[in-house]
Each structure stands twice: as C-alpha cells, then as structure tokens.
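The values are calculated or read from the model by the stated rules, or taken from the named source; none is laboratory data. Quantities reported herein were computed from a predicted structural model and do not represent experimental measurements. Protein only, heavy atoms only, side chains kept; ligands, DNA and RNA dropped before computing areas. Shrake-Rupley method; radii C 1.70, N 1.55, O 1.52, S 1.80 Å.
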Amino acid sequence: MKRLLKRWVLLAIPLALVLLAGAALKLGIVHVPVVLNVNIGSKQAEAAPQEPPERGIPISLGERVVNLADPGGFRYLKAEVVVELAVKGMDPEKMSPEELAHEQEALSAELQPWQPQIQDVLTMVLTSKTVADVSTPEGKEALKQELKDRLQPLFHDHEIKAVYLAQFVIQ
C-alpha cells in the first residue's frame with residue numbers, strides 16, 4: 001500500500017504543477033514570450049533598410065545678388081544658399097574632411113545638369129520677397145522652408161535635410 005501511495009504522489013505532484021502553470025497562464029499571472037522564426041522557401045530575411053543619417057552633406061548653391069520686391073526696386077539682397085543633402089550610406093559625421101570634400105564635389109557634378117533650374121528657383125523665390133518678408137527670424141525660416149519645398153523636386157534621389165542661409169545681407 002505504501003508503494004501505491006508513493007507512485008500516486010509521484011504522479012500527482014507533476015500533474016498538479018502542470019495544472020497550476022496552465023491556470024496561471026490562463027489567468028494572465030504568468031506570461032511566456034513566444035518567438036516565431038518563419039522561413040519561407042530558401043530566402044533569408046533581408047536586412048532592415050538603413051535609416052538616412054541625421055545630418056546630410058552640405059552643398060553651396062552659390063552666392064546671389066537680387067533686387068527685392070519692394071516698391072521702387074532699390075533694395076538688394078545678397079544671399080548664399082546651402083542645402084544639406086541626405087545620401088544613402090554616407091554619414092558626414094563619420095567622414096574625414098577630405099572624404100567630405102570629395103563627396104561634395106561629386107554631388108555638385110551630379111547636380112550640374114539641373115543648375116539652370118536650381119538658379120531659376122533661387123532667383124524667382126528671392127526676388128518675390130520684400131524686406132519686411134525676410135527681416136525677421138520667422139520670415140527667414142519661412143523663406144528656407146519655401147526654398148526647400150521648391151528645390152526638392154530638382155534633387156531627385158537626394159532628400160534635402162535642411163536649407164541654410166550662409167550669407168544674408170540686405171542693402
């Protein structure tokens with residue numbers, strides 16, 4: 001009889017533990033993470049797409065002197081516009097000065113066919129402004145946003161991360 005009781009206890013304890021674990025899972029007391037590794041066919045999972053770097057590569061669009069749209073046309077604006085372009089696979093913060101200069105030259109050469117359109121956008125946007133439009137910080141920010149919006153289609157594969165007014169003199 002003692003043997004039968006021992007066997008029953010040896011079977012009852014694991015059975016009770018399984019039942020308790022099942023009840024704990026059902027009630028949400030215990031959570032078991034489930035990891036699924038699905039491999040369809042022989043293709044391996046592709047690498048996650050790289051996010052573009054925080055910073056881009058700065059490219060000067062040149063210096064411009066234009067008449068502002070003020071009545072009488074006697075006000076001038078001298079501005080240098082610089083765009084910061086995101087280039088896939090390149091982080092300017094991890095580049096040496098020589099590598100950055102080389103990449104800037106390559107990007108400038110790549111943009112050369114669109115220089116007339118780029119310069120036209122700069123001229124049209126800048127000459128449409130009055131001194132009042134661009135004399136406040138808010139006005140300059142609005143100008144930079146307008147330049148970004150108008151220039152982006154001309155930069156095809158490169159996202160304009162930012163527009164800077166490297167020089168900005170009104171006379």
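Points worth noting:
- Straightening the chain between ARG55 and ILE13 buys 8.9 nm, computed as 0.36 nm per residue apart minus the Cα-Cα spacing.
- Given their separation in residues at 0.36 nm each and the Cα-Cα distance between them, ALA106 and ASP149 gain 13.2 nm when the chain is fully extended.
- The range 73-171: C-alpha gyration tensor shape, a/c 1.5 cut-off, then a/b vs b/c: prolate
- Most to least accessible of GLU98, GLU54 (protein chains only, probe 1.4 Å): GLU54, GLU98
- LYS94, LYS78, reordered so the largest accessible area comes first (probe 1.4 Å): LYS94, LYS78
- By accessible area, using a 1.4 Å probe on protein heavy atoms only, the range 126-171 has 51% of its surface on carbon and sulfur.
- With all protein chains modelled, accessible area of MET90 [1.4 Å, Å²]: 60
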